[in-house]
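> Got a structure for you, written out below as structure tokens; questions coming shortly.
The values are calculated or read from the model by the stated rules, or taken from the named source; none is laboratory data. Because the structure is a prediction, the values reported are computed rather than measured. Cβ coordinates were reconstructed from backbone atoms using ideal geometry, including for glycine residues, and neighbour counts include every protein chain displayed. For the accessible areas, the whole protein counts, side chains as well, though only heavy atoms, and no ligand, DNA or RNA atoms are used. Shrake-Rupley method; radii C 1.70, N 1.55, O 1.52, S 1.80 Å.
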Amino acid sequence: QVQLVESGGGLVQAGGSLRLSCAASRNIFSLNTMDWYRQAPGKGRELVATFATGSNTDIADSEKGRFTISRDNEKNTVFLQMNNLKPEDTAVYYCHAKRLFSSYEWWGQGTQVTVSS
């Protein structure tokens with residue numbers, strides 16, 4: 001089993017920055033793709049960033065240049081750095097892990113990000 005715990009959310013003014021953290025209960029990076037999703041009020045869940053096995057990363061087209069995903073292998077933690085935040089970034093942000101060649105996947109509980117104008 002894998003447990004994922006997000007942190008780092010909060011209230012920030014437009015133009016500010018936040019760094020979200022996703023701490024895994026054990027070292028899973030060699031076997032899992034890590035993702036950040038978000039879900040705004042009244043909207044569906046949206047994929048924001050991916051850190052695949054190896055060092056392959058991807059950011060949603062709409063957020064390239066503002067968001068970056070990174071990983072600290074020693075701390076079993078994945079980060080989402082968000083710069084120049086906009087009110088439309090307001091959402092609950094979820095960490096997600098998908099095991100390779102398996103149906104297993106895990107979700108964190110989410111962390112709230114609120115961007116005021």
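> Looking at (1) touching a Ser or Thr at 6+ places or on another chain (Cβ under 6 Å); (2) open to solvent by 20 Å² or more (accessible area, probe 1.4 Å), which one does residue 64 not meet, given that it meets all the others?
(1)
> State all residues of the range 1-16 that are exposed (fewer than 12 other Cβ atoms within 10 Å of the Cβ) and of a type in the set (A, V, I, L, M, F, W, C); if no residue qualifies, say none.
If the condition is that a residue be exposed (fewer than 12 other Cβ atoms within 10 Å of the Cβ) and of a type in the set (A, V, I, L, M, F, W, C), then no residue fits.
> Residues of the range 17-38 being open to solvent by 20 Å² or more (accessible area, probe 1.4 Å), more than 18 Å from residue 64 (Cβ to Cβ), touching a strand residue (DSSP E or B) at 6+ places or on another chain (Cβ under 9 Å) and part of a loop (DSSP other than H, G, I, E, B), which ones?
Answer for the range 17-38, where residues must be open to solvent by 20 Å² or more (accessible area, probe 1.4 Å), more than 18 Å from residue 64 (Cβ to Cβ), touching a strand residue (DSSP E or B) at 6+ places or on another chain (Cβ under 9 Å) and part of a loop (DSSP other than H, G, I, E, B): 25, 31.
> Restricting to the range 39-61, give me the number of residues that are surrounded by 14 or more Cβ atoms within 10 Å (Cβ to Cβ) and closer than 22 Å to residue 29 by Cβ.
9
> Can you say whether residue 103 is at pLDDT 95 or above and among the polar types (S, T, N, Q), as far as the supplied structure shows?
Answer is no for this residue.
> Let me ask another. Could you check residue 44 against (1) touching a strand residue (DSSP E or B) at 6+ places or on another chain (Cβ under 6 Å); (2) closer than 19 Å to residue 110 by Cβ; (3) not aliphatic (A, V, I, L, M) and say which number it fails?
(1)
> Taking strands (runs of 3 or more DSSP E) that fall entirely within the range 52-117, which contain at least 2 residues that are in contact with a strand residue (DSSP E or B) (Cβ under 7 Å, 6 or more places away or on another chain) and touching a residue at least 12 places away in the same chain (Cβ under 8 Å)?
Here the list reads 67-72, 77-82, 91-99, 105-107, 111-116.
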